[in-house]
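The values are calculated or read from the model by the stated rules, or taken from the named source; none is laboratory data. Everything numeric here is computed off the predicted structure, so don't read it as measured data. Virtual Cβ from ideal backbone geometry, glycine too; neighbours counted across all protein chains shown.
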Amino acid sequence: MPWHDVALNALADASRKDQFIATLGHELRNPLAVITSAVEAMEYIAPGAEGFDELRESMARQCGHLTKIINDLLDISGFTNHKLILTPQTITLAEAVRQGIEMATPRVKERGHTVVTELDNEVKVYGDMTRLAQVVSNLITNAAKFTLTPSEIHVAVCVEGDNAVLKVRDRGIGIGQEMIDQVFQAFVQAKHGGTIGGLGLGLTLAQQIVHAHAGTIEVHSKGLGHGSEFVVRLHVSSRETAEQNPRVKPSNKQYRILIVDDTLEVLQGTATLLRLRNHETYTASNGSEAVRQFVKYRPDIVLLDLKMPDINGLELARDFRQISSNVTLVAVTGMSSDDDQQKAKEAGCNFFLVKPVMLKSLEEVFRSREIY
């Protein structure tokens, strides 16, 4: 390649990098600005007073938005480096859709939209429930984002021949024919006069996940102003029955829980949350203190940060497992690769949770402990 072509390509790459950094900065600063303002406002508003709940809900929405940005970036990296492994089983596609709708609900409500479904509950596929729910969530979120006035987003599941088919249709701004072939590229968004927001990763991730399931995804639009429809096709499962997790009631049992984390805010926040659920909690901000607390209180459950300043969290897990075979060890970390999960499993951890950890995830741990 001639040197001037190399130089032009380098300039183009630098321009794309600068554009991405600028977009990322914009997407991070917006929710941080909302959270910062809300925190300052809450200093002057007592809990229960008018406006307090609205501020709290606003902070929760923006935290969810930040979490999605970070997860999307990490997922893109994982797929690019072939480090993400699917955990497929025979599942009902409609259930993945329902989970995806739940994940996308905050953004849908924020835009004033409603989701209308037409689901065949008998359609089964062999796939990763969490990842397929992510596909649904990304498609619905994309529809909500590019539909500028309150409207309906239609989601359907059906069978066409040998394929299980998922369709997500909106009445949004549509896609010009010049953009149809680019919508699944990372950091690309349809051109529009207004400000849509986002990094342009949702559709890229959706395509990668679908392709990892040996499926296809395509988009149809009659042009700007005519809405869009995304169609996902997966192989219908040949297995007779879906593997379903047993449904259990929310846990009412109280546990002795040791929380180990070197970030004080995380430590205090998690402890407060669990105490409000009537659990007996103990905390340690380093490995040495964690060992002392473990031996002294013999907890039922340990929430264990893997990155500790003195003793590695994996070493702690191995030590705790040697002391007790009954303790439930939960790796709680900002590292999310399959390699990290495998190392945690080999060290004796029963569960692997990625920060930020929601109460719902912890409740799943508690309920699972009651089963095994």
By residue number, the members of region 269-293 that are farther than 17 Å from Met358 by Cβ and modelled with pLDDT under 90 are Asn278
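The rows are residues; the columns are (1) crowded, with 19+ Cβ neighbours inside 10 Å; (2) touching a strand residue (DSSP E or B) at 6+ places or on another chain (Cβ under 9 Å); (3) in contact (Cβ under 8 Å) with a residue 40 or more places away in the chain.
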residue: Phe320; (1), (2), (3): yes, yes, no
residue: Asn326; (1), (2), (3): no, no, no
residue: Val330; (1), (2), (3): yes, yes, no
residue: Ser337; (1), (2), (3): no, no, yes
residue: Glu364; (1), (2), (3): no, yes, no
When every residue in region 346-372 that is of a type in the set (Val, Ile, Thr) and assigned to a helix (DSSP H, G or I) is compared, the one farthest from the chain's Cα centre (by Cα) is Ile371
Condition set under 25 Å from Met358 (Cα atoms) and without any contact (Cβ under 8 Å) to a residue 40 or more places away in the chain, scope region 131-149, selection surrounded by the fewest Cβ atoms within 10 Å (Cβ to Cβ): answer is Ala133
Gly64: passes all of (1) under 23 Å from Val135 (Cβ atoms); (2) at pLDDT below 70; (3) not charged (D, E, K, R) but (2)
Glu50 passes all but one of the listed conditions (1) surrounded by 11 or more Cβ atoms within 10 Å (Cβ to Cβ); (2) at pLDDT 65 or above; (3) within 24 Å of Arg111 (Cα to Cα); the exception is number (1)
**Item:** Residue match in region 235-247 (condition: modelled with pLDDT of 85 or more, farther than 23 Å from Arg169 by Cβ, outside the structural domain of Asn121 (by TED's automatic domain parsing) and of a type in the set (Lys, Arg))
**Value:** no
Those residues of region 290-315 that are buried (at least 16 other Cβ atoms within 10 Å of the Cβ) and not small (Gly, Ala, Ser) come to a total of 14
Test: residue in region 12-26 that is within 30 Å of Phe230 (Cβ to Cβ) and at pLDDT 85 or above: no
Per the filter on region 133-160, residues assigned to a helix (DSSP H, G or I) and among the hydroxyl-bearing types (Ser, Thr, Tyr) are Ser137, Thr141
Among residues of region 107-130 being under 30 Å from Ala60 (Cα atoms) and basic (Lys, Arg), the residue surrounded by the most Cβ atoms within 10 Å (Cβ to Cβ) is Arg107
Checking Val354, Val260 in turn, the sole residue that is surrounded by 18 or more Cβ atoms within 10 Å (Cβ to Cβ) and either in the same structural domain as Asp72 (by TED's automatic domain parsing) or closer than 26 Å to Arg61 by Cα (or both) turns out to be Val354
Margin query: When you scan region 119-133, do you find a residue that is in the same structural domain as Val168 (by TED's automatic domain parsing) and touching a Gly at 6+ places or on another chain (Cβ under 6 Å), even just one?
Written below: yes
When region 157-202 is checked residue by residue, the ones that are at pLDDT below 75 and either under 20 Å from Gln99 (Cβ atoms) or of a type in the set (A, V, I, L, M, F, W, C) (or both) are Ala186, Phe187, Val188, Ala190, Ile196, Leu199
